[in-house]
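Peer 1: This is the structure I want to talk about, given as structure tokens.
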Amino acid sequence: MKYDGQAIQCSVLEGGIVELKFDLRNDSVNKFNAETLRELREAVTALKADKSLKGVLLTSGKEVFIVGADVMEFLDHFKKSEAELATWLKDVDQTFSDLEDLDCPVVAAINGIALGGGFEVALAASYRVASSAAKVGLPEVKLGIFPGWGGTVRLSRICGADSAIEWICGGEQWSAEAALKIGAVDAVVAPDKVRDMALDLLKRAVAGEMDWKARREEKLSPLRLNPVEAGMVFEGSKAFVAAAAGPNYPAPIAAIEVMQKGAGKKRDEALAIEAETFARIAKTPVAHSLVSLFLADQYLKKVNKKLSKNGDPVKMAAVLGAGIMGGGVAYQSASKGTPILMKDIAPKALEIGLTEATKLLDKQVEKKKITSLQMASTLNKISATLSYGDFKAVDLVVEAVVENEKIKKSVITEVEAACKPGAVIASNTSTISITRLAEAMKNPENFCGMHFFNPVHRMPLVEVIRGAKSSEKAVATTVNYALAMGKTPIVVNDCPGFLVNRVLFPYFSGFLALVHDGVDFQRVDKVMEKFGWPMGPAYLLDVVGIDTGHHANAVMAEGFPDRMKQTYKTAMDVMYENRRYGQKNEKGFYKYTIDKRGKPKKEADPDVAALLKPVITGNLNATITDQEIIDRMMLPMIIECSRCLEDKIVPTPAEVDMGLIFGLGFPPFRGGAMRYTDAFAGGLRGFCDTAAKYSSLGKLYEPTAQMKQMAAAGKTFY
């Protein structure tokens, strides 16, 4: 048979073998969109009717196998009713099952990435041969769903329930070797040998050397677990997975329940259970939020890719100011392949910076993510220096000295003189105006902000700040460097606090006002952690550093005095005056001890109540509800997010939401601040009505004129 479609092409090879090639024209990758699914249905129907068919070879005409489903099209399906969505899933299942049920062996040649639906169609084959460079997996839980095209059914029968639960509930991408280890693929070969090996395996199966029918029968039959074994596997996994996923992410547990319910069923009955449960989970707000975040992330990648074309690659970098932050920047740069100079005026600071980088690499070696040889290679990319001697070779300098405008300007002047013409200087300031700092430059067009978040190696966000005179080339080169470091850059315009700190401090103001009104700060922490934040506001201030927070709060108050200047002595003022700086000196709102792993452990401190008593003027704790605490914390942040959009600090709600999620740990299952607002009961009108209840608390709680106009018109941010 021959089939020549826009996404799938079939050609006859020798001996009655047909090669079914996935090759989506006018696209750089293969994905399951409506066209691909339709053509696969047609091709499989033709294969079923071909009486001369002896075997099928599944291949790809791209560098990837199939990256998964087209998420944009998925959103349209998610708008359907549960019943309609389940019917659509069962239609796709039928196509995959018909491929699996052909009266001949099928071998998949996985030459590259095979994720989600791309891996599920490979699981329908009799055998799988993977490139040593391939990545496979079922990452759907990261979108708030789980595999819906047979992944829970086939993977559990091929590899066993334990491995299927680990792969599906973890949502990770796995190497070909890891897949071979659990039996998810049958062979791993060099990238240029994949098709040849798969074809050879297929010929052997056609010749009767391989019992492919027994392989298929395993997938058609119930799981080989007795009731006691099934109970141990599934119930034990539920407890572990529930603890890891938390109460706000239902998909992993739903996936286990699907496998458990389908364990004693034959394939088709198990597939129906999977489809019906998938349809229910796909209709949850969590799934909508996580899919939306995925699309926002894809949007950011496109924006950065387009922007980075205007910049230069950074072949050699430098960081001014060692210590923990400088060491973190140096580690991140070197570990991703960009050599870096680390300069300070004090040998002790350089020692701290190198120790920080070494400590981070040691952990990678302990976890067996890198070898000792790779650690040595990375450390060799970090050069500690007390002078500017080698700075003529540097393309970009990250200035990370103390957060003091006068000192920063002095250092910026020095480093510009030491660097080659056109080198970009980027300040890691978290609060100081980039436009003002650029006054120290002879060529301010080469200057911008590059705000890292602590700890550098963990936090994915980098704010690239455009000052009034920053050139597009300087901004684009800084974006290039951030991408090379494995970070997600978001370009923002200059203002006090930029994006993340500007919207964070109204949130802190809401917290300080609650404490001032007599609400127990530990209760606020618990409520906001239950809301989904990784830590409550008091704990977060301790982690950030009370001294750092106090300084930044003053900057924000000066920048936006109408709404961010406190008119009373705050709990943060008390902590600062009593030199309770948080984790850095083991006492803040909480006290800290070092645990066995060397990490600070939070404990309640009975001394804090007495310290705070003079600044508490009410007893609101007895009457305020948890929802009112959430409102008083979140409303100021959301209103400030809207102001950032109106002031064109960032151009779209996607940048706001991704900035808060990557920079602050905003709960992903809520989709970001702007998504959370759109989902408010009554929409933006309901939001504004709620804010009106707190109008007595001042400007922080007053929606902008544009928000009110949007509410009146029934508009949303997205």
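Peer 1: Counting only residues 5 or more places away or on other chains, whose amide H sits under 5 Å from the amide H of Leu461 once H atoms are built in the peptide plane?
Peer 2: HN-HN under 5 Å from Leu461: Thr488.
Peer 1: Helix 653-664 sits at what angle to the longest principal axis of the chain, using alpha carbons and giving 0 to 90 degrees rounded to 10?
Peer 2: That helix lies at roughly 80 degrees to the long axis.
Peer 1: What full-extension length gain, to one decimal in nm, is calculated for Lys193 and Lys406 as 0.36 nm per residue of separation minus the Cα-Cα distance?
Peer 2: Working: separation 213, 0.36 × 213 = 76.68 nm, distance 6.13 nm.
Working it through step by step, the gained length comes to 70.5 nm.
Peer 1: Sort 160-168, 548-556 by packing, meaning the average of other beta carbons within 10 Å per residue, with the highest value first. Mind showing how you got there, number by number?
Peer 2: Working: 160-168: 21.8, 548-556: 20.0.
Highest-to-lowest ranking by the protection proxy: 160-168, 548-556.
Peer 1: In whole Hz, with x marking every Gly and Pro, tabulate ³J(HN,Hα) for the range 316-328 from phi via Karplus 6.51 cos²θ - 1.76 cosθ + 1.60, θ = phi - 60°.
Peer 2: Result, rounded to whole Hz: 9, 10, 8, 10, 9, x, 8, x, 5, 5, x, x, x.
Peer 1: Using a Förster distance of 45 Å, how high is the FRET efficiency between Lys442 and Asp562, based on the Cβ-Cβ distance and rounded to 0.05?
Peer 2: Numbers: r = 36 Å, r/R0 = 0.80.
Calculated value: 0.80.
Peer 1: Helix 472-484 versus the longest principal axis of the chain: what is the Cα-based angle in degrees, 0 to 90, to the nearest 10?
Peer 2: 60 degrees
Peer 1: Next up: So what are the ³J(HN,Hα) numbers for the range 149-160, from phi and the Karplus equation (6.51, -1.76, 1.60; θ = phi - 60°), rounded to whole Hz, Gly and Pro as x?
Peer 2: Result, ordered by residue: 10, x, x, 5, 6, 6, 5, 5, 7, 7, 10, x Hz.
Peer 1: To continue, here is another question. Can you pull out the trypsin sites (Lys or Arg not before Pro) in the range 461-564 whose DSSP state is coil and whose Cβ has at most 15 other Cβ atoms within 10 Å? List each step's numbers first, then the result.
Peer 2: Numbers: sites: Arg466, Lys469, Lys473, Lys487, Arg502, Arg523, Lys526, Lys530, Arg563; in loops: Lys469, Lys487.
Listed in order of number, the matching sites amount to none.
Peer 1: Using the per-residue mean of other Cβ atoms lying within 10 Å as a proxy for protection, in what order, highest first, do the peptides 489-497, 276-284 fall?
Peer 2: Numbers: 489-497: 23.1, 276-284: 20.6.
Packing order, densest peptide first, comes out as 489-497, 276-284.
Peer 1: Residue separation times 0.36 nm, minus the C-alpha to C-alpha distance between Ala346 and Arg523: what's the value? The partial results should precede the final answer.
Peer 2: Working: separation 177, 0.36 × 177 = 63.72 nm, distance 4.33 nm.
Residue separation times 0.36 nm, minus the Cα-Cα distance, leaves 59.4 nm.
Peer 1: Right, here's the next one. Going 7 Å from the Cα of Lys265 toward and past its Cβ, which residues in the range 193-225 have a backbone nitrogen under 19 Å from where you end up?
Peer 2: 217-225
Peer 1: Per DSSP H run of at least 4 residues, take -39500 (n - 2.57); add these up for the chain, divide by its residues and hand me the 222 nm value, nearest 500 deg cm²/dmol.
Peer 2: Details: 31 runs with 366 residues, N = 718.
Counting only the DSSP helices, I get -16000 deg cm²/dmol.
Peer 1: Right, here's the next one. Assign unit charges at the C-beta atoms only (+1 for Lys and Arg, -1 for Asp and Glu), then state the dipole size of the chain relative to its Cα centre in Debye, rounded to the nearest 20.
Peer 2: Values: 90 positive and 87 negative charges, 181 e Å.
Taking the Cα centre of the chain as origin, the dipole is about 860 debye.
Peer 1: Would you mind pulling out the separation of the Cα centroids of the range 312-381 and the range 584-625, in Å?
Peer 2: Each part's Cα centre sits 34 Å from the other's.
Peer 1: Based on DSSP, what percent of beta bridges with both residues in the chain are antiparallel, to the nearest 5? Let's see the in-between values first.
Peer 2: Numbers: 19 of 64 bridges.
Antiparallel bridges: around 30 percent, rounded to the nearest 5.
Peer 1: Calculate, in nm to one decimal, what Asn380 and Ala554 gain on full extension: separation in residues at 0.36 nm each, minus their alpha carbon distance.
Peer 2: 58.6 nm
Peer 1: Quote the FRET efficiency, to the nearest 0.05, computed for Arg458 versus Ser52 with a Förster distance R0 of 45 Å and r equal to the Cβ-Cβ distance. Don't skip to the answer; put the middle values down first.
Peer 2: Details: r = 58 Å, r/R0 = 1.28.
Taking R0 as 45 Å, the efficiency between Arg458 and Ser52 is 0.20.
Peer 1: Convert each backbone phi in the range 435-452 into a coupling constant with the Karplus relation 6.51 cos²θ - 1.76 cosθ + 1.60 (shift: θ = phi - 60°), then list the ³J(HN,Hα) values in order as whole Hz, x for Gly and Pro.
Peer 2: Per-residue couplings from phi come out as 4, 5, 4, 5, 4, 7, 9, 6, 10, x, 5, 8, 10, 7, x, 9, 8, 8 Hz.
Peer 1: I've got another one for you. How many percent of DSSP beta bridges within the range 314-494 run antiparallel, rounded to 5?
Peer 2: Numbers: 4 of 29 bridges.
Bridges in the range 314-494 that DSSP calls antiparallel: roughly 15 percent.
Peer 1: If I model a spin label at Lys79 and Glu366 as a point 7 Å from the Cα along the Cα→Cβ vector, what separation in nanometres do I get?
Peer 2: 5.0 nm
Peer 1: Still on this structure, please answer the following. Provide the FRET efficiency to the nearest 0.05 for the Ala243-Ala622 pair, computing r from the beta carbons and using R0 = 22 Å. Provide the component values of the computation, followed by the final result.
Peer 2: Values: r = 33 Å, r/R0 = 1.51.
The calculated FRET efficiency here is 0.10.
Peer 1: Place the peptides 361-373, 51-63, 296-308, 100-112 in order of packing, highest mean first, counting for every residue the other Cβ atoms within 10 Å and averaging per peptide. Mind showing how you got there, number by number?
Peer 2: Details: 361-373: 12.2, 51-63: 18.6, 296-308: 16.0, 100-112: 23.2.
Put in order of decreasing packing, that is 100-112, 51-63, 296-308, 361-373.
Peer 1: Could you name the aspartates and glutamates whose alpha carbon sits less than 17 Å from that of Lys587, not counting residues in the same chain fewer than 8 places away?
Peer 2: Within the straight-line limit of under 17 Å, Lys587 reaches these aspartates and glutamates: Asp525, Asp542, Asp547, Asp573, Glu577, Asp595, Glu603, Asp605, Asp607.
Peer 1: Let me ask something else. At what distance in angstrom do the alpha carbon centres of the range 165-225 and the range 239-303 lie from each other?
Peer 2: 24 Å
Peer 1: Measure nothing fancy, just the Cα-based angle from helix 521-531's long axis to the longest principal axis of the chain, in degrees from 0 to 90, nearest 10.
Peer 2: Helix 521-531 sits at roughly 30 degrees to that axis.
Peer 1: For the pairs Lys54/Lys265; Lys315/Lys420; Lys142/Lys368; Lys336/Lys359; Lys31/Lys283, flag any whose C-alpha to C-alpha distance is greater than 19 Å.
Peer 2: On the way: Lys54/Lys265 30 Å; Lys315/Lys420 14 Å; Lys142/Lys368 25 Å; Lys336/Lys359 16 Å; Lys31/Lys283 23 Å.
From Lys54/Lys265; Lys315/Lys420; Lys142/Lys368; Lys336/Lys359; Lys31/Lys283, over 19 Å: Lys54/Lys265; Lys142/Lys368; Lys31/Lys283.
Peer 1: Taking a threshold of 32 Å on the Cα-Cα distance, which of the pairs Lys2/Lys135; Lys369/Lys584; Lys213/Lys367; Lys62/Lys309; Lys80/Lys238; Lys135/Lys238 fall above it? Intermediate results must be reported in sequence, preceding the final value.
Peer 2: Numbers: Lys2/Lys135 30 Å; Lys369/Lys584 29 Å; Lys213/Lys367 41 Å; Lys62/Lys309 24 Å; Lys80/Lys238 29 Å; Lys135/Lys238 26 Å.
Where the Cα-Cα span goes over 32 Å, the pairs concerned are Lys213/Lys367.
Coordinate-derived values only; no laboratory data. As the structure is a computational prediction, the values presented were derived from the model and not from experiment. Methodologically, a virtual Cβ is constructed for each residue, glycine included, from the backbone with ideal geometry; neighbour enumeration extends over all protein chains shown.
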